[in-house]
Amino acid sequence: MTRRGLLAGTAASVAVTASASAGGAQQAAGPADAALKTPVSFTVNGKRRELELDNRTSLLDALREHLQLTGTKKGCDHGQCGACTVLVDGRRINACLTLAVMHEGDSITTIEGLGTPTDLHPMQEAFVRHDGFQCGYCTPGQICSAIAVLDEIRAGIPSHVSATLDERPQLTRAELRERMSGNICRCGAYSNIVDAVMDVAGRPA
């Protein structure tokens, strides 16, 4: 057998084996491809919404793709940038890291539910006033997170800046930076973002 013949025979054998394996895999995956769907209902920005979703659908995709609430941004889709931050029952979460079907009966607030162009939320006004954004992509998540941060401090929830778990957190720039550290701004508007949050809290820099 020549070297050319050996290589040709090997290539043909690999192609046949791969084709057979792919066919078997397709047959095995056929029934599983019929994605399981579950009805879910929750309140989004004050309105009751009912959806039937693939169980694998993230809350982020449910909001963006099924409810067309595209203010909530998809950044890293791995819970590392904070662009998808929304409020669920008043607590901030990364919408990309949770499944929509897990939020049956919950109350969800996105950036669209905070204010309108003619009636902005105080935090939105402060971000505009202090120039707390540049490209604006991360801004919806920053604003939702900032609102929750002030609620956390008022509720006495400690952070890594707190000296002890028993110490009531104080509203300082260091405290805000620590709590907002999960929201990344590639444009570097961090200082102005902190100014905006301090302003809303009644503690202008």
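The values are calculated or read from the model by the stated rules, or taken from the named source; none is laboratory data. Nothing here was measured: the structure is a model prediction, and the numbers come from that model. So basically every Cβ, Gly included, is an ideal-geometry build from the backbone, and we count neighbours across all protein chains shown. To get the accessible areas, we keep the full protein, side chains included, count just its heavy atoms, and leave off ligands, DNA and RNA. Shrake-Rupley method; radii C 1.70, N 1.55, O 1.52, S 1.80 Å.
Inspect all residues belonging to segment 14-23 and state whether any of them is within 15 Å of residue 143 (Cβ to Cβ), modelled with pLDDT under 95, among the polar types (S, T, N, Q) and exposed (fewer than 12 other Cβ atoms within 10 Å of the Cβ).
Within segment 14-23, not a single residue is within 15 Å of residue 143 (Cβ to Cβ), modelled with pLDDT under 95, among the polar types (S, T, N, Q) and exposed (fewer than 12 other Cβ atoms within 10 Å of the Cβ).
Might you let me know whether segment 166-177 holds any residue that is open to solvent by less than 80 Å² (accessible area, probe 1.4 Å), out of contact with any helix residue (DSSP H, G or I) (no Cβ under 8 Å at 6 or more places or on another chain), small (Gly, Ala, Ser) and farther than 20 Å from residue 80 by Cα?
Scanning segment 166-177 turns up at least one residue that is open to solvent by less than 80 Å² (accessible area, probe 1.4 Å), out of contact with any helix residue (DSSP H, G or I) (no Cβ under 8 Å at 6 or more places or on another chain), small (Gly, Ala, Ser) and farther than 20 Å from residue 80 by Cα.
Hey, any hits in segment 60-76 for a residue that's charged (D, E, K, R) and either modelled with pLDDT under 95 or surrounded by fewer than 10 Cβ atoms within 10 Å (Cβ to Cβ) (or both)?
no
Within segment 77-101, take every residue that is without any contact (Cβ under 8 Å) to a residue 40 or more places away in the chain and not in a strand (DSSP E or B) and give me the one that is least open to solvent (accessible area, probe 1.4 Å).
Checking each candidate, the answer is 95.
What are the residue pairs meeting all of these: first residue in segment 171-194, first residue closer than 19 Å to residue 135 by Cβ, second residue acidic (Asp, Glu) and surrounded by fewer than 15 Cβ atoms within 10 Å (Cβ to Cβ), Cβ atoms under 9 Å, and 6 or more apart or on different chains?
Final answer for the pair search is 189/131; 192/131.
Do the conditions hold for residue 113, that is, is it open to solvent by 20 Å² or more (accessible area, probe 1.4 Å), in contact (Cβ under 8 Å) with a residue 12 or more places away in the chain and in contact with a Gly (Cβ under 7 Å, 6 or more places away or on another chain)?
For residue 113, the condition - open to solvent by 20 Å² or more (accessible area, probe 1.4 Å), in contact (Cβ under 8 Å) with a residue 12 or more places away in the chain and in contact with a Gly (Cβ under 7 Å, 6 or more places away or on another chain) - is met.
Is it the case that residue 125 is assigned to a helix (DSSP H, G or I) and over 18 Å from the mean Cα position of the chain (by Cα)?
Yes, satisfied.
If residue 118 meets every condition in (1) at pLDDT below 95; (2) open to solvent by 70 Å² or more (accessible area, probe 1.4 Å); (3) touching a His at 6+ places or on another chain (Cβ under 9 Å); (4) not basic (Lys, Arg) apart from one, which number is that one?
(3)
For segment 121-138, give me each residue that is surrounded by fewer than 24 Cβ atoms within 10 Å (Cβ to Cβ) and either in contact with a Phe, Trp or Tyr (Cβ under 7 Å, 6 or more places away or on another chain) or free of Cβ contacts under 8 Å to residues at least 60 places away in the same chain (or both).
121, 124, 125, 128, 133, 134, 135, 136
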